[in-house]
Amino acid sequence: MLTIDQATYDGIVAHAKRDHPDEACGIVAGPEGSDRPERLVAMLNAASSPTFYEFDSTDLLQLYKQMDVNDEEPVVIYHSHTATEAYPSRTDIGLAQEPNAHYVLVSTREHGNNEGPVEFRSYRITDGAVTEEEVSVVTQLPTV
Amino acid sequence: MAIEVRIPTILRTYTGGEKAVRGDGASLSALIDDLEASHPGIKERLIDPDSNGSDLRRFVNVYINDEDVRFIGGLEATLADGDEVVVLPAVAGG
Ligand SMILES: [Zn+2]
């Protein structure tokens, strides 16, 4: 199960709506091993595409260096689908390379840049196998 | 000569869980061969199988002292004692 706080959830949804019709992407970092998505980092989609996303290679290095300094890891890796359902594509599955991350997909196909509900779903992707998991949105993450 | 190589989570199965290992080589290509000798299997995860050994995989990023090696000669990029190499899988999808 993915447990995520409302503000972070809203931040991901807002980013997806803002970048529609291109795919939006980013991560939520958290302390290593904690499974707590605490720090939302919206990334630039270097592909600027409605059907593909990729972090810019320089941004990627900076991101990982910062996480290293903070003893963090990517707890959530998110991106949006802008014309299809919020389910990992074959490309998503083939390129998933963070075995410990929750892969969050948001679909903006319904309302695009406008207000309105989105599909928000979470998966584990390991060795080509996709397992959907429950998403629990809480007011605040429990205190440690 | 010693070069520190930072290993991403997904490749730590080849390094006994180590986040960083030491290697040796005057070029990235030589370094990868040296890593392969101590961590068998890792080379195949870095080199594009369709490139006849001449190119990195498209969705693996390698940096030497913070520079993406794609801009400094790819596998032919030169290395010197004390250089830091970082391997990061691309975060990408469709
Ligand atoms: Zn996708």
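The values are calculated or read from the model by the stated rules, or taken from the named source; none is laboratory data. Just so you know, these numbers come straight off a predicted model, no measurement behind them. No Cβ is skipped: glycine too gets one built from the backbone with ideal geometry, and neighbour counts run over all protein chains shown.
Things worth noting here:
- A:TYR64 passes every criterion in (1) more than 16 Å from the ligand (Cβ to nearest atom); (2) assigned to a strand (DSSP E or B); (3) of a type outside the set (Gly, Ala, Ser) apart from (2).
- Number of residues in segment B:28-64 that are at pLDDT 95 or above, in a loop (DSSP other than H, G, I, E, B) and not basic (Lys, Arg) equals 6.
- Residues considered: A:GLN62, A:GLN6. Of these, the only one that is in contact with a Ser or Thr (Cβ under 7 Å, 6 or more places away or on another chain), surrounded by fewer than 20 Cβ atoms within 10 Å (Cβ to Cβ) and not acidic (Asp, Glu) is A:GLN6.
- Residue within segment B:73-89 that is surrounded by fewer than 16 Cβ atoms within 10 Å (Cβ to Cβ) and within 28 Å of A:VAL28 (Cα to Cα) present: yes
- Residue match in segment B:65-79 (condition: part of a strand (DSSP E or B), of a type in the set (D, E, K, R) and touching a helix residue (DSSP H, G or I) at 6+ places or on another chain (Cβ under 8 Å)): yes
- Contacts under 7 angstrom Cβ, first residue in segment A:76-94 being among the acidic types (Asp, Glu), partner near the ligand (Cβ under 10 Å from one of its atoms), 6 or more apart: A:GLU85/A:SER107; A:ASP92/B:GLY93; A:ASP92/B:GLY94
- Residue satisfying all of: in segment A:72-109; assigned to a loop (DSSP other than H, G, I, E, B) and touching a Pro at 6+ places or on another chain (Cβ under 7 Å); farthest from B:PRO8 (Cα to Cα) among these: A:ALA83
- Restricting segment A:13-42 to residues that are in a strand (DSSP E or B) and more than 16 Å from the ligand (Cβ to nearest atom), the residue that is farthest from A:TYR87 (Cα to Cα): A:PRO31
- Total residues in segment B:70-93, condition facing chain A (nearest Cβ under 8 Å), of a type outside the set (A, V, I, L, M, F, W, C) and touching a residue at least 40 places away in the same chain (Cβ under 8 Å): 1
- The lone criterion from (1) within 12 Å of chain A (Cβ to nearest Cβ); (2) among the charged types (D, E, K, R); (3) under 30 Å from A:ASP22 (Cβ atoms) left unmet by B:ARG6 is number (3).
- Breaking point among (1) within 12 Å of another protein chain (Cβ to nearest Cβ); (2) in contact (Cβ under 8 Å) with a residue 24 or more places away in the chain; (3) more than 16 Å from the ligand (Cβ to nearest atom), for A:ASN45: (3)
- Residue match in segment B:56-67 (condition: under 12 Å from the mean Cα position of the chain (by Cα), closer than 19 Å to A:LYS65 by Cβ and acidic (Asp, Glu)): no
- Filtered residue count, segment A:91-107, keeping only those that are crowded, with 16+ Cβ neighbours inside 10 Å, polar (S, T, N, Q) and more than 12 Å from A:TYR78 (Cβ to Cβ): 1
- For segment B:25-55, the set of residues classified as under 18 Å from A:GLN97 (Cα atoms), under 11 Å from the mean Cα position of the chain (by Cα), more than 14 Å from chain A (Cβ to nearest Cβ) and of a type outside the set (A, V, I, L, M) consists of B:LYS43, B:GLU44, listed by residue number.
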